[in-house]
Amino acid sequence: MKKKVLSILLSAVMAGTMLVGCGNGESKGSEEKKETGKREMEVEGDDVTTLNVWTFIENHQDFYTNMAEKWNEANPDKKVKLVLSNMAYDDMHNKLSLALETGEGAPDVVDIELGKFPAFTTGQIGLKDLTEATQPYIDNVVQSRLDLYSKDGKCYGFPTHVGTMVAFYNTEALEAADIDYTTIKTWEDFKNAGVKYKEATGKTFAAAETTAQWVPELMLAQKGGDYLAEDGSLAVNSEQMVEVFQYLKDMQDAGALDTIAGGQPDNEEAYPLYNSGDVAVAVMPFWQTSRYTSYMTDLAGKVAITAPPVFGEDDVVKTIGGGGTGTAVVESSENADLAAEVFAFIKLSDEANVEVWNVLGFDPVNTAVWTDKAVTENPDNAFVQYFNTKPFDPLLELQDSIGLLECFTDEKWPSINNVFCTQTLNDIFESDMDVKEALNAAQDTLENEFAE
């Protein structure tokens, strides 16, 4: 089993930079050791517990340090000193796998990316059950994001954000083509607007994704489907899968979608296309806000955020959460209980989630923040200033209908995503292969992989 888990871990290709680029300031009271990738807090006092923390996201070092300082101020009898190590994405996950397998060298706390997480909740689990630690915050936390890092009713990771799928519209570009984005409610509306935009401008309305599956995942969840059957078996060529990808292919054929450089909106090759107005719309997780403010500065004041299109009133959910990183505590750590309590505060508390929005621009998992207009509509906030709609309005609209694809928590998901993002999506949107034929090929490939 361990050999299989390690194989699955190494095959995962989901982007590890999903949360990077959202604020990179130095933390007060910390010392950065650039030559080692380590950062240590400076904490006064004798009774201080040191927690070793691994991450692959530099911004998390700043965020965790700032929040740990707040924890220490509020809990002088439980002070902690974080020693944070920032590593390359694959290196960190592989090192963690080896440490848990051998029982040597593991940290106290570690960030694990969504695509890697299932490998660490398979077989003998070396992560601490954090269910009890979530309880002080449970009433306000989006449950589907806790479920994302759960197995058999036990939570093993604290989420960083919701990643609510929303739509970003370049209102200036659409107005020039006589398109009112506020009238786009369904996928049929989306398709019709895309065709009209293409005919009027010759430019791309939205991306036919070839290196990610943000929109297919959303559409599949809306239809109540999944990449796996209820019994956990592969179902990537199911009727619902065929229906979703055929719908997308029909939109591409009609001119509403085009393939773009980088294969998806969250890519350094694609950012300039959005920034210049050559691509008008992105249906993406809410954390794409940070990409707009960082890489598409020419669009300041020209982008509206809305709820994503739906198929109709019969949709199972209106949206899902996309991407993510779960912060886990290693069960064998001698400080596991304290680490769980501290990082529950750092990731789930009201104070932490205000900063998640203010600093990172992410949609907080603690929805108590969503209704605090002093925070969400603060005119001094960079994200409030950038967008021409109130960013939290669509979140409040979607709050009670944020779903989850069960496959995200399954050990098969990294391999499924790998096959789709390296072969299947290109077969459909680049090579014009018949949708059912392409999905049958993906099913065969994956069945052969898991039969080995």
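The values are calculated or read from the model by the stated rules, or taken from the named source; none is laboratory data. Note that the structure is a prediction, hence the values are computed from the model and not measured. Counting neighbours? That spans all protein chains shown, and the Cβs are built from the backbone with ideal geometry, glycine included.
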Legend entry - Per-region count, region 37-64, residues assigned to a loop (DSSP other than H, G, I, E, B) and over 11 Å from residue 85 (Cα atoms): 7
Legend entry - residue 447 surrounded by fewer than 17 Cβ atoms within 10 Å (Cβ to Cβ), in contact (Cβ under 8 Å) with a residue 24 or more places away in the chain and not aromatic (Phe, Trp, Tyr): yes
Inset, instruction - Look at residue 347 and say whether it is in a helix (DSSP H, G or I), more than 22 Å from residue 218 (Cα to Cα), among the basic types (Lys, Arg) and touching a residue at least 60 places away in the same chain (Cβ under 8 Å). - result: yes
Legend entry - Residue that is surrounded by the fewest Cβ atoms within 10 Å (Cβ to Cβ), among those in region 317-365 that are among the hydroxyl-bearing types (Ser, Thr, Tyr) and over 20 Å from residue 62 (Cβ atoms): 332
Inset, instruction - Need at least 3 residues that are surrounded by fewer than 23 Cβ atoms within 10 Å (Cβ to Cβ) and of a type outside the set (S, T, N, Q) per element, so show me which helices (runs of 4 or more DSSP H) inside region 127-196 make the cut, counting only ones lying wholly within it. - result: 171-176
Inset, instruction - Restrict the check to region 99-114 and report whether at least one residue is in contact with a helix residue (DSSP H, G or I) (Cβ under 9 Å, 6 or more places away or on another chain), within 14 Å of residue 328 (Cα to Cα) and modelled with pLDDT under 95. - result: yes
Legend entry - Those residues of region 402-444 which are small (Gly, Ala, Ser) and surrounded by fewer than 16 Cβ atoms within 10 Å (Cβ to Cβ), in sequence order: 431
Legend entry - residue 276 being of a type in the set (Ser, Thr, Tyr) and without any contact (Cβ under 8 Å) to a residue 40 or more places away in the chain: yes
Inset, instruction - Those residues that are part of a helix (DSSP H, G or I), within 25 Å of residue 161 (Cα to Cα) and of a type in the set (A, V, I, L, M, F, W, C), I need them from region 73-123; list them, please. - result: 74, 92, 96, 117, 119, 120
Legend entry - Complete set of residues in region 219-243 that are under 21 Å from the mean Cα position of the chain (by Cα) and of a type in the set (A, V, I, L, M): 219, 220, 221, 228
Inset, instruction - Could you list all residues from region 222-251 that are over 15 Å from residue 439 (Cα atoms), touching a residue at least 24 places away in the same chain (Cβ under 8 Å) and part of a loop (DSSP other than H, G, I, E, B)? - result: 223, 224, 232
Inset, instruction - From (1) within 21 Å of residue 271 (Cα to Cα); (2) in contact with a Phe, Trp or Tyr (Cβ under 8 Å, 6 or more places away or on another chain), pick out the condition that doesn't hold for residue 227. - result: (1)
